[in-house]
Amino acid sequence: MSPSLLALLLYAALTLALLIAIAVMRFWLVVTRQRTPDAFSPAGDDVSPFSGRLCRAHANCCENLPLFGALVATALLGGHAGITDGSALWVVAARAGQSVAHLSSGRRRAIRLRFLFMVVQIALQTTWVVRLLWAFAD
């Protein structure tokens, strides 16, 4: 399996893990009769600050996974996997770091760390876009 495909699988697995965490938390609240199944805000902040951060971390993954997948697919299907293979796992590591920072706290330090991880992802993927456009222009 290429590093890019492995990274795509790991990105999807991270997104699924966050979804499972939301489901387990909500399931527990329903089973213990602390909430009814229809009493949850989609944002999650009605349960706890952590729940809100968990829902936002999951939403962040859902928002960015299609972009990551499109770039990896373009590189692989276009015969330019070398463009993403070297840094795809770094993008996923930065996404995981962003999610962990998001879950850890809403304090300023965690927010700054989260922002740094986001910038790394944007920078790497922007580089991919430029390199792919350049490769396809030849």
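The values are calculated or read from the model by the stated rules, or taken from the named source; none is laboratory data. Since we're looking at a predicted model, the values are computed, not measured. Glycine also receives a Cβ, built like all others from the backbone with ideal geometry; neighbour counts cover every protein chain displayed. To get the accessible areas, we keep the full protein, side chains included, count just its heavy atoms, and leave off ligands, DNA and RNA. Shrake-Rupley method; radii C 1.70, N 1.55, O 1.52, S 1.80 Å.
Is it the case that A75 is modelled with pLDDT of 95 or more, surrounded by 18 or more Cβ atoms within 10 Å (Cβ to Cβ) and farther than 30 Å from A43 by Cβ?
yes
Listed here are the residues, each with its yes/no results for (1) more than 21 Å from G106 (Cα to Cα); (2) under 20 Å from the mean Cα position of the chain (by Cα).
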{"position": "L19", "(1), (2)": "no, yes"}
{"position": "F27", "(1), (2)": "yes, no"}
{"position": "V30", "(1), (2)": "yes, no"}
{"position": "R53", "(1), (2)": "no, yes"}
{"position": "H58", "(1), (2)": "no, yes"}
{"position": "S87", "(1), (2)": "yes, yes"}
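Working only within region 107-137, note down all residues that are open to solvent by less than 70 Å² (accessible area, probe 1.4 Å) and over 17 Å from N64 (Cβ atoms).
A110, L132, A135
Would you call P66 within 21 Å of A12 (Cα to Cα), in a helix (DSSP H, G or I), free of Cβ contacts under 8 Å to residues at least 60 places away in the same chain and of a type outside the set (A, V, I, L, M, F, W, C)?
Criteria met by P66.
What tally of residues in region 21-38 results from selecting those that are out of contact with any Leu (no Cβ under 9 Å at 6 or more places or on another chain), surrounded by 12 or more Cβ atoms within 10 Å (Cβ to Cβ) and among the aliphatic types (A, V, I, L, M)?
Residues meeting the conditions: 2.
Working carefully through the options G44, G97, find the one that is crowded, with 17+ Cβ neighbours inside 10 Å, free of Cβ contacts under 8 Å to residues at least 24 places away in the same chain and on the phi > 0 side of the Ramachandran plot.
After applying the criteria, what remains is G44.
Residue check: is G86 at pLDDT below 95 and in contact with a Pro (Cβ under 8 Å, 6 or more places away or on another chain)?
no
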